[in-house]
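Undergrad: Encoded as structure tokens, here's the structure I'll be asking about.
The values are calculated or read from the model by the stated rules, or taken from the named source; none is laboratory data. Not measured: the values here are computed from a predicted model. Quick reminder, even Gly has a Cβ in these numbers, built from the backbone with ideal geometry, and neighbours come from all protein chains shown. These area figures cover heavy atoms from the full protein model, side chains too; ligands, DNA and RNA do not enter into them. Shrake-Rupley method; radii C 1.70, N 1.55, O 1.52, S 1.80 Å.
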Amino acid sequence: MSAETPAAPGRDEHYLSVFRRNFRAWRGTRPFWAGLFVTLAGFPILYFPYANLQLGHVTLAMATTAGAGSLIIGVLLFVLGLSLWFQKHVRTFAGVAAILLGLVSLPVSNFGGFVIGFLLALVGGAMAVSWVPGQPPVSQPPGVPASAGGTPEGAVPGVAFTKDTAATDSDTTVLRPVDGTDGPNDLSGTIPVNGANGRHSAG
């Protein structure tokens, strides 16, 4: 292969580029960031009740009487975050459950992991509830050109229209058909020049 030959996608690319492209495609089809926030919310809620803080020679235990509750809430948030990644059809249930668990963690687990886990659970749950799968773009048929302005309202297909040169305001432009006659397009029957209905005015 010469130096001028372009690299074939997926075959001659670096494996990191392929992994990054595949991960971006996988991430775009599910509430990835909602699952990440909900998963991260479980760690401070689970960690702080079982952690010990060293202050010199003094050990400060942050354990509470509801340590088992903190363990359950943290594990459930972790499972809900993974469910948002791999079972995206349960996003509404998982989002509502994450918000409720975040609220319950306030009195149970050191103010929701010192408010860190509480805020992450609320943000991730709200993002999960509001996430919807994207719609594929509507493709234009290959033989039909896309028109920017479209057909004027009231226009007849197959009849060409031109702007009146006497009008200067674009909002009050008068359109008349190009059919070889210079007379106005009067359909009331009072002017039979254009052959609208062939009747004269009754006076």
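Undergrad: With every protein chain kept in place and ligands, DNA and RNA left out, what is the accessible area per residue of region 27-103? Probe 1.4 Å, answer in Å².
TA: Result: 55 Å² per residue.
Undergrad: Between L103 and F86, how many nm apart are label points set 7 Å from Cα along the C-beta direction?
TA: 3.0
Undergrad: Going highest first, how would you order 44-53, 121-130 by mean Cβ packing within 10 Å?
TA: With the highest mean Cβ count within 10 Å placed first, the list reads 121-130, 44-53.
Undergrad: Just how much of R30 is accessible, in Å², when a 1.4 Å probe is used and the result is rounded to the nearest 10?
TA: 40
Undergrad: Could you order H14, H89, H57 so the one with the most accessible surface comes first? Probe is 1.4 Å.
TA: Sorted descending by solvent-accessible area, the residues read H57, H89, H14.
Undergrad: May I pose another question? Would you mind calculating the gained length between N52 and V79 on full extension (0.36 nm times residue separation, minus the Cα-Cα distance), in nm to one decimal?
TA: Full extension from N52 to V79 adds 7.2 nm.
Undergrad: Could you compute how much accessible surface W26 exposes when probed at 1.4 Å, giving the result in Å² to the nearest 10?
TA: W26 exposes around 80 Å² with every protein chain in place.
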